[in-house]
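Heads up, the thing below is written out as structure tokens.
Coordinate-derived values only; no laboratory data. These numbers come from a predicted model, not from an experiment. In this analysis, Cβ positions are derived from the backbone assuming ideal geometry, glycine residues included, and neighbour counts consider all displayed protein chains.
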Amino acid sequence: QPEESGELTQTGARAFTLHYASPEQLRNGVITTMTDVYALGVVLYELLTGRKPYELTRGSDAAWEEAIVSGEPVRPSLSAWRQAKETGRPNPRRLSRQIAGDLDTIVLKALNKQPEDRYASVDALAHDLRLFREGRPVLARPQSLGYRLGKYLRRHVVAIGVGIFVSGMLAVALAFVSWQAQGALEAAARAEAMQDFVAALFENTGNASDDRGLDVRALLDTGVRRADNELTGQPQARAELLGLIARLRSGLGDHAVVLDLLDRQQEVLRISGKPTPMRTSVAASALRGLSLLELGQAGQCLRT
């Protein structure tokens, strides 16, 4: 049924409703399947926007015929936004964004003035609408890499988000394990260096020519000198060795020497530029406090 008077028009032996008539119908051109595509495009436009494709200053039949033949339809997303604003519908911009892009392209292709530039059949129009609903690239748009990639990402946003999260967690775990392994390797290298150093220090000590036995203090002094010469490239190992020798000298009651060794250890760690391990710092502070106390410097001991 015609929606208003004057919509049902008779041209020759063919009747049509004016607002849904295609340009070729008004020009008495060849009627093809693409003519039906145009009419369906008008229906789709109304479903999406609540309006007709053309906005006219006067609503006469002549004005409609002129718009259909030579006018350009308003973009559906823009028309939907205007309709929502006028009717007080909430979130008009959100509605416009939902239509913008693929739906705009589909509708405007169906409403093209040239029949050959429309969809070749109703099935082709329906196929593009199905692609849109499935979140896939529609055939009416150029199939650029960016467009197809964007469609793929939106279609698999959950899976991709989970994949990125899992990958990020794996990367963090691997970084942590690598850091732990590096620390373990460095600790093992320091332990091996100290073991080799101490073993080398005691080599040939059993061949002493006198009967006074082993001079422990002289041996430890030799260890300090060798550490200065042989462990210059391994500051952590050198610092740990100085701390070990300081503990041994503390046991011998050489507390002034202990303070000197601890100062040298602190300087080695400072020059290395690496953070001092907590255990090394605590052990050095405790040993320094003990030596200060034994030397009668109780106030300095408390401050330390």
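A few comments on the model shown:
- In terms of its Cα atoms, the range 1-150 spans 50, 37, 25 Å along the principal axes, sorted from long to short.
- The long axis of helix 235-251 is offset from the longest Cα principal axis of the chain by roughly 40 degrees.
- Between SER272 and THR222, the modelled labels are 2.6 nm apart [label points 7 Å from Cα along Cα→Cβ].
- In the range 61-164, GluC sites (Glu not before Pro) in a DSSP loop with at most 11 other beta-carbon atoms within 10 Å: GLU134
- Our helix-only sum for the chain, with -39,500 (n - 2.57) per DSSP H run of n ≥ 4 divided by its residues, gives a mean residue ellipticity at 222 nm of -21500 deg cm²/dmol.
- Eigen-decomposition of the gyration tensor built on the alpha-carbon atoms of the range 62-121 gives equivalent ellipsoid semi-axes of 25, 16, 6 angstrom, largest listed first.
- Computed extension length for THR33-ALA298: 84.9 nm, one decimal, from 0.36 nm per residue of separation with the Cα-Cα distance subtracted.
- In units of the compact-protein estimate 2.2 N^0.38 Å, the chain shows a Cα radius of gyration of 2.29.
- When each of the peptides 104-112, 250-258 is scored by the mean number of other C-beta atoms lying within 10 Å of its residues, the order from highest to lowest reads 104-112, 250-258.
- Taking the Cα atoms of the range 96-142, the ratio Rg/Rh between the radius of gyration and the Kirkwood radius comes to 0.95.
- Using the Cβ-Cβ distance between LYS85 and LEU145 with R0 set to 41 Å, the FRET efficiency from 1/(1 + (r/R0)^6) comes to roughly 0.70.
- The angle between the Cα long axis of helix 157-201 and the longest principal axis of the Cα atoms of the chain comes to about 10 degrees, rounded to the nearest 10.
- Candidate lysines - alpha carbon under 24 Å from LYS85, same-chain residues fewer than 8 apart omitted: LYS52
- For the range 76-169, the Rg and Dmax computed from alpha carbons only, in angstrom: 16.6, 55
- Averaging Cα coordinates gives a centre for the range 65-108 and one for the range 13-60; these two points are 16 Å apart.
- Rounded to 10°, Cα long-axis angle of helix 61-70 versus longest principal axis of the chain: 50 degrees
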